[in-house]
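The values are calculated or read from the model by the stated rules, or taken from the named source; none is laboratory data. Remember, predicted model here, so these are calculated numbers, not experimental data. In this analysis, Cβ positions are derived from the backbone assuming ideal geometry, glycine residues included, and neighbour counts consider all displayed protein chains.
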Amino acid sequence: MRESISDLMTVMIPLLIILLLSNYSKSVDLEFYLDTPELIKSWGYSVEIYNTTTKDGFILELHRIPYGREVPTSSDVNNSRPVIFLQHGFLCSSFDWVANSPHQSAGFVFADAGFDVWLGNFRGNTYSRKHVSLNPDKDPKFWDWSWDQISEYDLPAMIGKALEISGQESLYYTGFSLGTLTMFAKLSTDPKFSRKIKKYFALAPIGSIKHAHGVFLFLGRHFGKDYEEYVKKHGSDELFGSSLLFKKIVKYTCGLFDTLEEFCSDITLLFIGTANENWNQTRIPVYLAHTPAGSSSNVMAHLDQMFSYGGVPTFDMGEEKNLKAYGQKLPPQYNFTGIADVPIYLFWSDDDWLSTKQDLEETLFAQLNSQVVQGSFRIENYNHLHFIWGTNAASQVYNVITGIILQDDNT
């Protein structure tokens, strides 16, 4: 009898806790439950979904906002609108460009300013978890890539699709974090690709991350080498993929009480920098419901190598594989000095713990030709995620980009 009661209590107590949490948790914003296309529609914008396949077989999903909330006339729709392509960072997705209200989110701000807006999704995230022959849940080869392959294959496939559908020959590119690093690498290794980019706007730009601060510094110093060796020994795998379980954990922790919401915000800030009045803590449950969105463990290992080595090395796969892939034992370094013919605008902050001023000075500021860098905007009091989630990012960043493009089109 006692054993039966004990067994019953073992089952009932967790159920009672779940019921209590369900009854007393705060209501979370609608965007918590919506995917990117649904979220865009919920704000009254038109949205289109496209797929494109990379040369190595990954199927990537693109989200397009063809115009703003004021639906244009048929004649205006047929007129070519300038195309702006927005590319997310590591473990992120297209969501991050529409994460706040329309007057604060890049995707909506650019659409309302008259642009044809395209939101990319790198391989392995929530929206690009497909391949022509590999199953992400069964085939380890699906995850056998680093950001080298993202740069080499994903960017041309997505940008090519945007240009094909829009009927344009070139577009304006805006990248955030890893979306900047991969573009710098692409332009440095494929000079012809520059013909497709009218102007390149780099938000929280990444060259090296040797001088990163916060939790990433701690993890890199104490676990980076061990993690790299683990990946080399056991192979690549999915890293922080989006899941229903994680969403429930976020909902019933970060979305439960104000104190827990603040705790989740503080944990996030340990990775990226300090908060200020432009950091909307109440949106943290929504942000974390969509981010992290997944990637490969190889990408994290590659970033750890950048932290350890300095500079911008290609992925170190070990001497044997390096010899086969690169023709040398050590991975070669990317060199950005040869980037030409693309006007580049850098948006950065002294308070960013991942894109630090010291790393910028040692890589991008040192290597990029001064004639190529046509703007360097130092933003006060911005952590790494303020560039996409900051409540004043529209005035500090997006409207500046709009003004540069419109001036370009009027000359």
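Selection of helices (runs of 4 or more DSSP H) fully inside the range 117-234 by the criterion of at least 3 residues being at pLDDT 95 or above returns 155-166, 178-189. Go through (1) touching a strand residue (DSSP E or B) at 6+ places or on another chain (Cβ under 9 Å); (2) at pLDDT 90 or above and name the single condition TYR309 misses. It is condition (2) that TYR309 fails. Of all residues in the range 235-255, those satisfying the criterion of being of a type in the set (Ser, Thr, Tyr) and modelled with pLDDT under 75 are SER242, SER243, TYR252, THR253.
Residues that are of a type in the set (S, T, N, Q), surrounded by fewer than 24 Cβ atoms within 10 Å (Cβ to Cβ) and over 19 Å from the mean Cα position of the chain (by Cα): does the range 145-162 have at least one? No, because not a single residue in the range 145-162 is of a type in the set (S, T, N, Q), surrounded by fewer than 24 Cβ atoms within 10 Å (Cβ to Cβ) and over 19 Å from the mean Cα position of the chain (by Cα).
In the range 51-66, of all residues being over 24 Å from LEU39 (Cβ atoms) and among the charged types (D, E, K, R), the one that is surrounded by the fewest Cβ atoms within 10 Å (Cβ to Cβ) corresponds to LYS55.
When ALA301 is tested against (1) buried (at least 17 other Cβ atoms within 10 Å of the Cβ); (2) in a loop (DSSP other than H, G, I, E, B), only condition (2) is not met.
Of the helices (runs of 4 or more DSSP H) lying entirely inside the range 320-411, the ones with 2 or more residues being among the aromatic types (Phe, Trp, Tyr) and surrounded by 14 or more Cβ atoms within 10 Å (Cβ to Cβ) are found at 386-389. In summary, ALA289 fulfils each of the numbered conditions (1) without any contact (Cβ under 8 Å) to a residue 60 or more places away in the chain; (2) outside any loop (DSSP other than H, G, I, E, B); (3) not aromatic (Phe, Trp, Tyr) with the single exception of condition (1).
Out of ARG69, ARG81, ARG123, ARG129, which single residue is of a type in the set (Lys, Arg), surrounded by fewer than 24 Cβ atoms within 10 Å (Cβ to Cβ) and more than 24 Å from ILE405 (Cα to Cα)? Spell out the reasoning first.
Details: ARG69 fails: more than 24 Å from ILE405 (Cα to Cα); ARG81 fails: more than 24 Å from ILE405 (Cα to Cα); ARG123 fails: surrounded by fewer than 24 Cβ atoms within 10 Å (Cβ to Cβ).
One residue alone meets the criteria, ARG129.
Among the numbered conditions (1) crowded, with 18+ Cβ neighbours inside 10 Å; (2) touching a helix residue (DSSP H, G or I) at 6+ places or on another chain (Cβ under 6 Å); (3) farther than 16 Å from MET306 by Cβ, the only one that ALA185 does not meet is (3).
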